[in-house]
1. Would you be able to say whether some residue in the stretch 55-62 is among the small types (Gly, Ala, Ser) and over 22 Å from Arg117 (Cα atoms)?
2. Kindly check whether there is at least one residue in the stretch 71-81 that is in contact with a Ser or Thr (Cβ under 7 Å, 6 or more places away or on another chain), surrounded by 15 or more Cβ atoms within 10 Å (Cβ to Cβ) and modelled with pLDDT of 90 or more.
3. One residue is enough: does the stretch 125-140 have a residue meeting the conditions among the small types (Gly, Ala, Ser), in a loop (DSSP other than H, G, I, E, B) and touching a residue at least 40 places away in the same chain (Cβ under 8 Å)?
4. Among the listed residues His101, His113, identify the single one that is surrounded by 14 or more Cβ atoms within 10 Å (Cβ to Cβ), under 25 Å from Thr43 (Cα atoms) and over 15 Å from the mean Cα position of the chain (by Cα).
5. When you check Thr172 against the structure, is it modelled with pLDDT under 80 and either outside any strand (DSSP E or B) or crowded, with 20+ Cβ neighbours inside 10 Å (or both), yes or no?
6. If we scan the stretch 22-29, do we find a residue that is modelled with pLDDT of 90 or more, assigned to a helix (DSSP H, G or I) and among the charged types (D, E, K, R)?
7. Given the options Ala54, Ala60, Ala76, Ala41, name the one that is assigned to a helix (DSSP H, G or I) and not charged (D, E, K, R).
Amino acid sequence: MRGRALVVAFVMLAVPAVAGVPDPSPDWLRRIESGDVALEAHTDPTGRGGQVRAMIDIAAPPQVVWATILDCGRAARMTPSVKRCTVLSRDPSGREELREHVVKWSFLLPALHSTSRLALEPYRRIAFRCEAGDIRDCEGQWLLEPRDGGRGTRVTYENRATAPFGLPDGVTIMAMRRDVPTALRALRRESVAAAR
C-alpha cells in the first residue's frame, strides 16, 4: 500500500528531466485521439524502481492545463490520496518552486511527506525532482503541446520513481499503470471545467 501511495503522490505533483518526447506511435495516436490515455510503464533501466510515460489530449488551452497542474487547491480532487499540497518557496522569476506534498493512503498507514523542486518553463514544461522526505528518489516532467490552434493541449507525463521501504519494482509499476491514467483523466476533467 505504501508503494501505491508513493506513486499516487507523484502522479500530479512533480516532473522528469527529459528534454523532449518522441512522436507518439500510431497505436498511441489512435488511443489519445479516441479520448483514451496512452501509457507505458516498466522497470527503470537503472534498476531503481519504475518508469512511466503517458499521454492524453485535453480540450483546453495550454495556459489552463498549466494552471490546473500547478494548482495546489486541486491536487486532492485529481489525486485523492493527496491530503495537502504546499508551495514552500518560489523564485522571483517564477521559474522554480519548492513544494511539499502530504499523502495519506489509508488510516492504517502514516502520512508520507515529500518535498520536490519544480523547474517551470511556462505553458511548455514542468520538470520535477524529489529532494527530501519519505520519497527522495523521483524525477519527471509534464510536457504541454498546443493543439487545434491553441484551443487544446496534448499532455505527456513522465516519471521515474523508487518506492520507499524496499517494495518490489513490480508493485510500483502496477500502481503506475493503474493510477497515472486516473490522474490524467482527472486533469482533463478539471482543465475542461476551468476553460469554460
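1. There is at least one residue in the stretch 55-62 that is among the small types (Gly, Ala, Ser) and over 22 Å from Arg117 (Cα atoms).
2. yes
3. no
4. His113
5. Taking the combined requirement at face value, the residue satisfies it.
6. Looking for residues that are modelled with pLDDT of 90 or more, assigned to a helix (DSSP H, G or I) and among the charged types (D, E, K, R), one finds at least one in the stretch 22-29, hence yes.
7. Exactly one residue qualifies, and that residue is Ala76.
The values are calculated or read from the model by the stated rules, or taken from the named source; none is laboratory data. Computed from a prediction, not measured in an experiment: that's the story for all the values here. Neighbour counts run over all protein chains shown; Cβ positions are idealised from the backbone, glycine included.
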